[in-house]
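To start, the structure under review is shown below, and the notes come after it.
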Amino acid sequence: MFEGFAREIMASQREVAAETGGPLRRGFHAKLHAGFVAEFQVLADLPDHARFGVFSEPRVFPALVRFSNGGPAPRPDKHPEPRGVAIKLIGVHGPKLLPGQEDAITQDFLATSHSVTSTVRNIEQFMAFIRASQNRLTMLVTLARAVGAREALRILRALISTVILSRVRSMAREQFSSTAPIKLGPYAVKFTVCPAEGTEPTEGRPLTPNFLRDELAERLRRADLMLDFLVQFYVDDTRTPIEDTSVAWDAPLVKVAKVRIPNCDLDHPPTHAISEEVDRLSFSPWHATEDHRPLGNIMRARRVAYEASSALRHHSPEPTDLPHIELRST
């Protein structure tokens, strides 16, 4: 079943490339706002049950960060769709999960805001929605035939409240969630990436086609951008289900790390080149060690789909270091 879904996503990638006359893009999160070199700082004094994998001891990982829109084709930023952040740590040792990448030294964390994944219960509903959304006029009927009328209405109501009415004005102010769980050592967690305390809101910016990228550029010309990385631990199958991604987890948030994107000029040619280099990479929740193995049917489907989608567009190999980067403070 997962392989069939992967074939559908690859077919969609080819269709988008043919319609736009552009290159083969990601199956989802095709539009890049910007890519950065960053620092991922694991905090000291974490509780014992959080000290596994990359969080086992306080340290600073060099990282790459990609901000994106969630659709399969680039559209103006005012178009309502999920938004995403992907973080790739460099220097993570130990065997990795993907065949052929066992010796890679990277670890990825992917998160979205206002996601389709957080409105559907499982991968079957996700793919049913993707198929139905190809024709907006018949979407409700097509989705109802696939998942039932009650579930179709529930999904669409959730999407309207979380995606259609989201009114995103700044990627720096968004709260991103893994939506599906991963391991943290012997435990299961969901993680959240959110603005650090003191991150100022954005007001009065014109909604140009690329206003989210422009807003990031303006912030980073002034100062570093700081994000917090928090986890929620599994409690039970009712409050924190593993397989049903439509349920928001009811568990405390534990801050385990913070991300620093150093101030920069996005229009400076070397910075722009870094952004393009980041965009050529593959980001997958399965670029991971066993301590951070993805969990649940949505994640198992992503393993097959992400590998196929990335191979189709001939992504760059996993990085081994960052020789051309110098992180600096403001």
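Please specify each residue of segment 282-299 satisfying the condition of being open to solvent by 30 Å² or more (accessible area, probe 1.4 Å), part of a helix (DSSP H, G or I) and within 13 Å of Leu98 (Cβ to Cβ). Quick ask: steps written out before the conclusion?
Step one: of segment 282-299, the residues open to solvent by 30 Å² or more (accessible area, probe 1.4 Å) are 290-291, 293, 295.
Filter again for part of a helix (DSSP H, G or I), leaving 290-291.
Glu290 - this is the single residue of segment 282-299 that is open to solvent by 30 Å² or more (accessible area, probe 1.4 Å), part of a helix (DSSP H, G or I) and within 13 Å of Leu98 (Cβ to Cβ).
May I ask you to verify whether Phe67 is modelled with pLDDT of 95 or more, among the aromatic types (Phe, Trp, Tyr) and closer than 30 Å to Gln125 by Cα?
Criteria met by Phe67.
Glu276 fails exactly one of the following numbered conditions: (1) in a loop (DSSP other than H, G, I, E, B); (2) surrounded by fewer than 14 Cβ atoms within 10 Å (Cβ to Cβ); (3) modelled with pLDDT under 95; (4) not small (Gly, Ala, Ser). What is the number of that condition?
It fails just one condition, (1).
Filter segment 266-302 down to the residues that are touching a Gly at 6+ places or on another chain (Cβ under 8 Å) and without any contact (Cβ under 8 Å) to a residue 60 or more places away in the chain and list them by number.
Within segment 266-302, none qualify.
Would you confirm whether or not segment 276-285 contains a residue that is under 19 Å from His29 (Cα atoms) and over 17 Å from the mean Cα position of the chain (by Cα)? Reasoning before the result, please.
Quick first cut of segment 276-285, residues under 19 Å from His29 (Cα atoms) only: 276-285.
From what is left, the residues that are over 17 Å from the mean Cα position of the chain (by Cα) are 276-277.
So far as segment 276-285 goes, yes, one or more of its residues are under 19 Å from His29 (Cα atoms) and over 17 Å from the mean Cα position of the chain (by Cα).
Scan Phe67, Phe40, Phe55 and give me the residue that is closer than 25 Å to Arg313 by Cβ and aromatic (Phe, Trp, Tyr).
Exactly one of Phe67, Phe40, Phe55 is closer than 25 Å to Arg313 by Cβ and aromatic (Phe, Trp, Tyr), namely Phe67.
Look at segment 233-263 and say how many of its residues are more than 20 Å from the chain's Cα centre (by Cα) and open to solvent by 80 Å² or more (accessible area, probe 1.4 Å).
6
Which ones in segment 193-218 are open to solvent by less than 30 Å² (accessible area, probe 1.4 Å) and in a helix (DSSP H, G or I)?
Phe211, Leu212, Glu215, Leu216, Ala217
Within 19 Å of Ser115 (Cα to Cα), at pLDDT below 90 and of a type in the set (Lys, Arg): is that true of Arg75 in this structure?
Against the criterion (within 19 Å of Ser115 (Cα to Cα), at pLDDT below 90 and of a type in the set (Lys, Arg)), Arg75 does not qualify.
The values are calculated or read from the model by the stated rules, or taken from the named source; none is laboratory data. Remember, predicted model here, so these are calculated numbers, not experimental data. We place every Cβ from the backbone using ideal geometry, glycine too, and count neighbours over all the protein chains shown. In case anyone asks, the SASA skips ligands and DNA or RNA and just uses the protein heavy atoms, side chains included. Shrake-Rupley method; radii C 1.70, N 1.55, O 1.52, S 1.80 Å.
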